[in-house]
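Read-outs: derived from the displayed coordinates by stated rules, not from any lab. Quick caveat: nothing in here was measured; it's all calculated off a predicted structure. A quick note on method: Cβ atoms are made from the backbone with ideal geometry, for glycine too, and the neighbour counts reach across all protein chains shown.
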Amino acid sequence: MQFKTITADEYEAFALTHPGRYYINSSKMIELKKNNGWQVYYTAVTDENGKILAAAGFSKVPAARFFHYAYAQRGILCDFENHELTAFFTEKLKDFLKANGMAYMRMDPYVEYQQLNPDGSVAEGGFSNQHIIDFLASLGYEHLGFTKNYTADSQVRYMVVLDLDDKDDKAITAGYEPNTRRTVNRARKFGVEIEELTPDNLGDFMELMEFTSEKRHFTDLGLDNYRAQMEAFGPDNAKVWLAVLNTDKLIEINENDLKAVYEEMAKTDASLEKTPNNGKLLRRKKEEEERVVQINRMISETRELESQRGHRIILSGAYFVIYDDEMYYISSGSYDELRKYCGPYLIQDTAIRLAKSRGCRRYNFTGTSGIFDESGDDFGVFEFKRKLGGRPIELIGEFKLTADAGMMKKIDGITKLKNILHR
């Protein structure tokens, strides 16, 4: 085996064949780190014929003062079950990192840890990859723990995914919980439409994300990052969608419904003239009258909403990336006061069906905290994803590989001093 540096294109070609691929360990995302002024590197192990067996793409990140570390986001691409290959790659990586001024490497592979039930509990008799953690530890990788929740400088360890293999449109719908199916249909009955935005036309989406991030206390990607990622993946594979309510369309739908109810009422009245004491007909007439009241109320509410917000009303929005055979739901925002129009559900249904039509094996709702009960701040979001057919997965977590012990000692010393000064 031989260790060598490779090009971004060579790395990408290998990544697309590896089961550990993820959109953020693609060369497209790694190359964007150059926008931060960071250097990026691609290395590989090849066989005697030059065939790549394992690869790593990573950026050189400032750590403390003049020191740096390497970050292989979502992990190096290596078969960790192949001990000889992994051990060889690890030792060569350590030498390479030290020679290029990096004290250590962080990585968080796209490898599951253990099998979970749909409610997030550990599946009895399910698989476990504890042996991978143990083996990596034997090579000098420090496992940084079985973390939960979200942190500013780490990738999530839990996700919610929807497997699409062997599912057609009917099976996808059947996988939704009954109330979720009704909610998706309700959005369609309201006439909610999906609008796709371009990188140069993200104003409405950014306004929505600013509102949502302030309300829910998270840091959004920001306009520059959205644009950069959309341009890197291209219009076929990076999507920003808005769910939009057109008030003129909704009023037209309601007026047509009203006309249909009046026609039914006329038939009911004609039948009642013949049998005025028919209980079934009297109940039908009462239901029709209640329906008229409901529709007129909806028309009145829509006109009031139109006077406040205009004819085109943004309900929600979301950002997605398709990378190879997986589609990722990355970020979203919504106006809670407009939740009755069910915009987020229609966006998700549209995305899932696009993933299926594109031949994706998996739709990835991405992160969840790993706290699968009401004590979790994001439990409602987890339930939203689960009710759309998703299931939780748990990844093996983050690892740290020290390459230069002397430099690492200096970084630790600076970090400890900073912590003392900030007490």
State the Cα centre-to-centre distance between region 157-185 and region 192-253 in whole Å.
23 Å
Just flag the trypsin sites (Lys or Arg not before Pro) in region 58-99 sitting in loop per DSSP whose Cβ has no more than 10 other Cβ atoms within 10 Å.
Arg65
Could you give me D for region 1-77, from Stokes-Einstein at 25 °C and 0.890 mPa s, where the hydrodynamic radius is the Kirkwood radius over C-alpha pairs? Units µm² s⁻¹, please.
192 µm²/s
Compute the normalised compactness of region 1-132: alpha-carbon radius of gyration over 2.2 N^0.38 Å, N being the residue count.
1.13
Looking at Pro344, Phe89, Thr219, which one has the Cα that reaches farthest to the positive end of the dipole of the chain (charges on Cβ: Lys, Arg +1; Asp, Glu -1)?
Thr219
Expressed as a whole-number percentage, the relative contact order of region 1-51 with C-alpha contacts under 8 angstrom and at least six residues apart is 59 percent
Shape descriptor, region 318-423: equivalent ellipsoid semi-axes (Cα gyration tensor, sqrt 5λ, whole Å, largest first) stand at 38, 20, 14
Kirkwood Rh in Å, taken over region 339-388 so that all alpha-carbon pairs contribute:
12.3 Å
Give the Rg (one decimal place) followed by the Dmax (whole number) of region 63-194, computed from C-alpha coordinates and expressed in Å.
21.1, 62
Roughly how many whole Å is it from the C-alpha centroid of region 95-117 to that of region 64-90?
5 Å
For Leu272, net neighbour charge (Lys/Arg +1, Asp/Glu -1) across residues whose Cβ lies under 12 Å away
+4
Take the Cα pairs of the chain, get the Kirkwood Rh, then feed it into Stokes-Einstein at 25 °C and 0.890 mPa s and tell me D in µm²/s.
99 µm²/s
Links that overshoot a 28 Å alpha carbon limit, given the list Lys28/Lys400; Lys215/Lys249; Lys239/Lys259; Lys60/Lys215:
Lys215/Lys249; Lys239/Lys259; Lys60/Lys215
Out-of-range pairs (alpha-carbon distance over 21 Å; input Lys189/Lys267; Lys4/Lys51; Lys340/Lys385):
Lys189/Lys267
